1. Hey, could you check region 69-124 for residues that are free of Cβ contacts under 8 Å to residues at least 12 places away in the same chain and of a type in the set (S, T, N, Q) and say which is nearest to residue 37 (Cα to Cα)?
2. I need the full set of residues from region 43-58 which are open to solvent by less than 70 Å² (accessible area, probe 1.4 Å) and either of a type outside the set (Gly, Ala, Ser) or without any contact (Cβ under 8 Å) to a residue 40 or more places away in the chain (or both), in order please.
3. Which residue, of 96, 116, 88, is of a type in the set (D, E, K, R), at pLDDT 95 or above and within 18 Å of residue 26 (Cα to Cα)?
4. Somewhere in region 29-42, is a residue of a type in the set (Val, Ile, Thr), closer than 20 Å to residue 84 by Cβ and either open to solvent by 80 Å² or more (accessible area, probe 1.4 Å) or at pLDDT 95 or above (or both)?
5. Take the residues in region 81-102 that are charged (D, E, K, R) and open to solvent by 70 Å² or more (accessible area, probe 1.4 Å), then tell me which one is farthest from residue 56 (Cα to Cα).
Amino acid sequence: MVKINPYTKMQDDAIMSASKEELTLMLYEGGIKFCNQALMAIEKKDIGKANELILRVQDIVREFQITLDHKYPISKEFNSLYDYMFRKLVEANFKKDAVILNEVLGMFRFFRDTWKEAMKLARSNPNANAS
């Protein structure tokens, strides 16, 4: 008999009921979490675990690229930044380089913090989205 982990079910429910904005925030948080875990794995010389975690971060960056709405001019700049992050992740994974990974982590934190602020502004001015 398969046991269902209640935490996993709760997490799945949160994802399924989240808005697009909240999902974006969750992805940024996930990128930060997996970067931090990869840094710990590199420190412990656990090459396999570091590889697995960096690949998860790469998947998150690719998800951001795939879901970019190209009808906005800023999308081109975001795509360039995500491409840069992806290339740095490949390099960090190849070299198991914590310095490079920390650079990507800093970018994730900046994006997350900016996104949180944008969400807060949008909530405080609900008429801003009305066209």
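The values are calculated or read from the model by the stated rules, or taken from the named source; none is laboratory data. Every value quoted in this text rests on a predicted model; they were computed, and no experiment measured them. Cβ: placed from backbone, ideal geometry, glycine included. Neighbour counts: every protein chain shown. We work out accessible area using only protein heavy atoms, side chains counted, and drop any ligands, DNA or RNA first. Shrake-Rupley method; radii C 1.70, N 1.55, O 1.52, S 1.80 Å.
1. The extreme case among them is 114.
2. Scanning region 43-58 gives 48, 51, 53, 54, 57, 58.
3. Only one candidate passes the filter, namely 116.
4. Yes, region 29-42 contains a residue that is of a type in the set (Val, Ile, Thr), closer than 20 Å to residue 84 by Cβ and either open to solvent by 80 Å² or more (accessible area, probe 1.4 Å) or at pLDDT 95 or above (or both).
5. 95
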